[in-house]
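Reviewing the structure listed below.
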Amino acid sequence: MVPLWLAFVVGAILSWGAYVPFIHEGQVHLGRGPLRAFLCVGAAYFLTAVVVPGLLLALGAEETRFTSKGAFYATVAGVLGAAGALCVIFALKLGGKPVVVAPLVFAGAPIVNALVSMAWHRPATPPKVWFYVGMVLAAVGAALVLRYKPN
């Protein structure tokens, strides 16, 4: 049986995988307006990240106690997510194409994630060489996508 969390991983892959083409199309139809597109992204974040969890908390889906440290890190994570979205939007505004921007972002982000995660939560034993091979392959994969992208 496939674990339920894996369904949410697939949801994130599909959502983020479609994000760059959708935001590019939105910008195009807004007259290449990155700030207007980002405002729409913010409205969507408000609905999905404020209204929905607020309702679920109000309905008792989980406790409503916040800690200052937890709220700080979660808020910084939100700022990082929004900053990443804004960077994608401006990359597209300044001439980047979705077929180029997305592979760079989505191959680079897991590499940064692995390095930050290992720095923050030092592994008990050093990663095997295959871990580093995987990071190199992520970069090589992005390079291959960019080299042989459709015109």
### Task
For K149, list the lysines whose Cα falls under 17 Å from its own Cα; do not include residues on the same chain fewer than 8 positions away.
K97
### Task
Starting from the exponent 0.38 and prefactor 2.2 Å, build the expected Rg for the chain from its residue count and divide its actual Cα Rg by it.
1.24
### Query
What list of ³J(HN,Hα) values in whole Hz, one per residue of the range 53-67 in order, does the Karplus curve 6.51 cos²θ - 1.76 cosθ + 1.60 (θ = phi - 60°) give from phi, with Gly and Pro shown as x?
x, x, 5, 5, 5, 4, 7, x, 4, 7, 5, 9, 6, 10, 10
### Query
Do any GluC sites (Glu not before Pro) in the range 1-69 lie in a DSSP loop with no more than 11 other beta carbon atoms within 10 Å, and if so, which?
E62, E63
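Let me have the 222 nm mean residue ellipticity of the chain computed from DSSP H runs of 4+ only, each contributing -39500 (n - 2.57), with the sum over all residues rounded to the nearest 500. Display every interim value, and only then the final one.
Working: 6 runs with 114 residues, N = 151.
Computed ellipticity for the chain at 222 nm equals -26000 deg cm²/dmol.
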### Query
Of all chymotrypsin sites (Phe, Trp or Tyr not before Pro) in the range 17-70, which ones are in loop regions per DSSP and have a Cβ with at most 16 other Cβ atoms within 10 Å?
F66
### Message
Apply the Karplus curve 6.51 cos²θ - 1.76 cosθ + 1.60, θ = phi - 60°, to the phi angles in the range 90-99 and return the couplings in whole Hz, x for Gly and Pro.
### Response
6, 4, 5, 4, 8, x, x, 9, x, 5
### Message
Tell me whether the range 97-151 comes out rounded, prolate or oblate; compute the Cα gyration tensor, take square roots of the eigenvalues as a ≥ b ≥ c, and use a/c under 1.5 as the rounded threshold.
### Response
oblate
### Task
Report the residue, chosen from R65, R36, R122, that carries the largest GNM mean-square fluctuation when the chain is represented by alpha-carbon nodes joined by springs under 10 Å.
R65
### Message
Taking θ = phi - 60°, what integer Hz values does the Karplus form 6.51 cos²θ - 1.76 cosθ + 1.60 yield along the range 116-129, in sequence order, with x for Gly and Pro?
### Response
5, 4, 5, 5, 6, 10, 3, x, 5, 10, x, x, 5, 4
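Where a number appears in this text, it was derived from the coordinates with a stated rule and is not lab data. What you see is a predicted model; the values in this text were computed from it and never measured. Heads up, the Cβs are rebuilt from the backbone with ideal geometry, glycines too, and the neighbour counts pull from every protein chain shown.
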